[in-house]
Amino acid sequence: MNRDLDRLHPYPFEKLAALKQGITPPEDRAHIALSIGEPRHAPPEFVLRTLSEHLGGLAQYPLTKGQASLREAIADWLTKRFQLPAHTLDPERHILPVAGTREALFSFAQAVVDRHPCGAEAPLVLMPNPFYQIYEGAALLAGAEPWYYPTDAQNGFLPDFDAIPEAIWARCQLFYVCSPGNPTGAVLDDSGYLRLLEHAERHDFIIASDECYSELYFDESAPPTGLLQTAAQHGRDRYTRCVVFHSLSKRSNLPGLRSGFVAGDADILKRYLRYRTYQGCALPPPTQAASEAAWRDETHVLANRALYRHKFDAVLDILQGVLDVHRPDAGFYLWAHTPDHWSDTDFARELYARENLTVLPGSYLSRPVDGHDPGANYLRLALVAEPEACIEAAQRLRRFVQSL
């Protein structure tokens, strides 16, 4: 067996199941889970209809690079959404459909990390802390060492690129950035992306920008910036060293479709396509047809954002003055600080025991570095359930905190 498998940490939800083991929650209230970021809004009917209309495509092997019409739809969406110069994205060279961003974020590291670089030191893969654990697992199984840069309250939950030592930049091969952030919801602006681009050019590493929450924001006049957008606006419209990851799971409430894309540097994607051809992860033709329909429509996305906006307004109104929590820049998570003298794990366990409400301890999404754990004493609350369930969860949470 691959020895690096032994380096993988238990997944957050394994830890959560162990934390709750042996507890019998009250039976007079239904269980509500705010722990997992699985969208539960209704998927668009027209996408489901398109999927069913193309089931005949299952009689064919799909192309790994996807149908041309799907890649064209993605290129059109990216160009319009991120205000990219016309014709700078070639659907043949700059875009690859993938089976959701989770699959791609993992496999990308396997393709691009050189586990035998010149010099004795192992390559580094940099990632935010707290983080989506796929980044860490991808680095470990690619033969690299994870290096965690903090995204904590002291810097507005954003990375401080200037605080990363020069020796670390020199060993970096791949840099994961997540904006809007999971779990904090913080959004990196143009100046932040530009600073990262300058470091990538100076030290010759690849930026993997996880932007799968980019379409869940609150101000319709100010959508989150993306890496390709910053690159193009600053004269880097060949997108060198830049690869972005997007998904239909959050944008279109289609987590089970397992459909997304990667886009950016054509030379990198050419090599990544070769890797994917061997990996065997092509999207089925019905999935591709449904995905194309979803990327070409914005009406359902507007309605989706409106529903999240309503839930955030209602939940934050209930929790105001009780819990240290604020509206994020984007995404569907609340990143709440626990009350004084309560650890995140004790709080989550007792909340489940008393209120049959499950939240995710922040320390399950982070790693302690130099005695500091940026996820400790935080809770991640995923406002993915129906509005009534989210409101009920907020009321239970308020009652629990007031009882402490």
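Each residue in the stretch 3-27 was checked for being assigned to a loop (DSSP other than H, G, I, E, B) and either out of contact with any His (no Cβ under 9 Å at 6 or more places or on another chain) or free of Cβ contacts under 8 Å to residues at least 60 places away in the same chain (or both), and 10 of them qualify.
Whether any residue in the stretch 28-41 is assigned by TED's automatic domain parsing to the domain that holds SER291, farther than 18 Å from CYS212 by Cβ, out of contact with any His (no Cβ under 8 Å at 6 or more places or on another chain) and assigned to a loop (DSSP other than H, G, I, E, B) is what I want to check. No, there is no match, as no residue in the stretch 28-41 is assigned by TED's automatic domain parsing to the domain that holds SER291, farther than 18 Å from CYS212 by Cβ, out of contact with any His (no Cβ under 8 Å at 6 or more places or on another chain) and assigned to a loop (DSSP other than H, G, I, E, B). In this structure, THR79 does not qualify as closer than 27 Å to ALA186 by Cα, β-branched (Val, Ile, Thr) and crowded, with 20+ Cβ neighbours inside 10 Å. Taking the numbered list (1) polar (S, T, N, Q); (2) buried (at least 19 other Cβ atoms within 10 Å of the Cβ); (3) not in a loop (DSSP other than H, G, I, E, B) in turn, SER69 passes all entries but (2).
Pairs, please: C-beta under 8 Å, at least 6 apart or cross-chain, first residue outside the structural domain of ARG399 (by TED's automatic domain parsing) and in the stretch 321-341, second of a type outside the set (A, V, I, L, M) and surrounded by fewer than 23 Cβ atoms within 10 Å (Cβ to Cβ)? If the second residue must be of a type outside the set (A, V, I, L, M) and surrounded by fewer than 23 Cβ atoms within 10 Å (Cβ to Cβ), no pairs are left. A single member of PHE157, PHE131, PHE108 is more than 29 Å from LEU379 (Cα to Cα), of a type outside the set (S, T, N, Q), crowded, with 21+ Cβ neighbours inside 10 Å and not assigned by TED's automatic domain parsing to the domain that holds TYR333, and it is PHE108. The criterion of at least 2 residues that are closer than 28 Å to SER221 by Cβ is met by the following helices (runs of 4 or more DSSP H) wholly inside the stretch 291-404: 299-319, 387-403.
The values are calculated or read from the model by the stated rules, or taken from the named source; none is laboratory data. As the structure is a computational prediction, the values presented were derived from the model and not from experiment. Please note: Cβ atoms are built from the backbone with ideal geometry, for glycine as well, and neighbour counts cover all protein chains shown.
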